[in-house]
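The values are calculated or read from the model by the stated rules, or taken from the named source; none is laboratory data. Source: prediction; values computed, not measured. Cβ placement follows ideal geometry from the backbone for every residue including glycine, while neighbour counts extend to all protein chains displayed.
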Amino acid sequence: MSQAAIAPLPAASTSGSQLALKLTNFEQAHLTTHSGSSRPSYVQSGMIWLDTTSNPWKLKFFNGTQDVELVAISTTTHRKRAPIVEATIASATTTDVLGSTSDYITVSGTATITSLGTEPMQIKYVRASGAFTLQHNATTLILPTGANITAAANDSFIVVSDSSGNARVLAYQRNSGSSLVAPAAEFASGGVVTILFFQSAAPTGWTQNVTHNDKDIRIVNTAGGGSGGSLNYSTVFGYTVTGGTAITQANLPNVNFTGSTSSDGSHSHDNNSDANNGSISVANGGNDAADDGGTNQTSTDGAHTHTVTVASGGSGTAHTHTMDTRVRYIDVIACSKN
């Protein structure tokens, strides 16, 4: 690594050994890209030289007035770096981001910016450290929203310029992660929505609707928003048996029971008497007889029937039937958009 020039090289006073030494030194300078800790004293406009003052080394181009850094290379990691460290520019009406020698710029302050400079064919990576405002201009400062943007700390954006130096912000990223243009509301604020949440509490931006509780959901093909019924969901689907009901006479089928004894003809009964035992008065045509071993008859009676009672056998005891409507369920909450 060295810096050396051939000139001056006076032909009359330069010996062969001197020429050889100059050529050797110039060869080393050329092979090491004229490296050193400062610009070579023999620098010419258009010359490239390597600044080895500190790590990373910087490859520079002299444009006749100043050195322009092309690339920086770390001697530790052996990787390319941005040639110039991030520059900081205070916000102003004209904030010359495009004219900065660095590709990475921090803009500070709160002033409104109407221009980012006019240097053509540039790409700059910008980070905000203050709450300045970028003022949209459809020609010279074109913003992605077509409207002004108020920056916040650590917002970032990329700006490019065309051949006329007009600036266009290609991308803008808020540090908060929110978009530049708020999306259209998916749901009207305050309206009860049909989205249900399977969680214990309303998510951020929503409020739980506590008007309805322990109810089922019914889908209709008419106007919605109605309600009805009188029993809680958990009550109806908590039954495991039917209700007990005692059967009464009115609930029995209309069945007639008819019963009677047989109907026989007239008849009489004989009565044997012993004369030795005394006289027996038998109502038999008004005759009294005292016969020894005679037979008498009782009076006859007409045909007749007897009432028969048939027991129903019922006890009137209530009874139940097994049932189970305990359907599986999950608890959801209905919420309205804040």
* Asked: What is the residue count in the range 97-107 for residues that are buried (at least 16 other Cβ atoms within 10 Å of the Cβ) and in contact (Cβ under 8 Å) with a residue 24 or more places away in the chain?
  -> 4
* Asked: For the subset of the range 34-50 comprising residues that are under 8 Å from Ser2 (Cα atoms) and either in contact with a strand residue (DSSP E or B) (Cβ under 7 Å, 6 or more places away or on another chain) or among the hydroxyl-bearing types (Ser, Thr, Tyr) (or both), which member is surrounded by the fewest Cβ atoms within 10 Å (Cβ to Cβ)?
  -> Ser35
* Structure fact -> Checked pairs for the range 4-28, first more than 16 Å from Val43 (Cβ to Cβ), second of a type in the set (Val, Ile, Thr), C-beta under 8 Å and 6 or more apart or across chains, list as Lys22/Ile6; Lys22/Thr14; Leu23/Ile6
* Structure fact -> Per the filter on the range 113-124, residues part of a strand (DSSP E or B) and surrounded by 15 or more Cβ atoms within 10 Å (Cβ to Cβ) are Ile113, Ser115, Lys124
* Structure fact -> Across the range 125-150, the tally of residues that are touching a residue at least 24 places away in the same chain (Cβ under 8 Å) and part of a loop (DSSP other than H, G, I, E, B) stands at 8
* Tell me, which strands (runs of 3 or more DSSP E) wholly within the range 151-254 include 2 or more residues that are modelled with pLDDT of 90 or more and either farther than 30 Å from Ser115 by Cβ or assigned by TED's automatic domain parsing to the domain that holds Gly117 (or both)? -> 156-161, 167-173
* Asked: Of Ser100, Ser74, Ser115, which residue is over 43 Å from the mean Cα position of the chain (by Cα) and not assigned by TED's automatic domain parsing to the domain that holds Gln44?
  -> Ser100
* Asked: Which ranges mark the strands (runs of 3 or more DSSP E) fully within the range 1-99 that have 2 or more residues being charged (D, E, K, R) and within 30 Å of Ser129 (Cβ to Cβ)?
  -> 57-62, 67-73
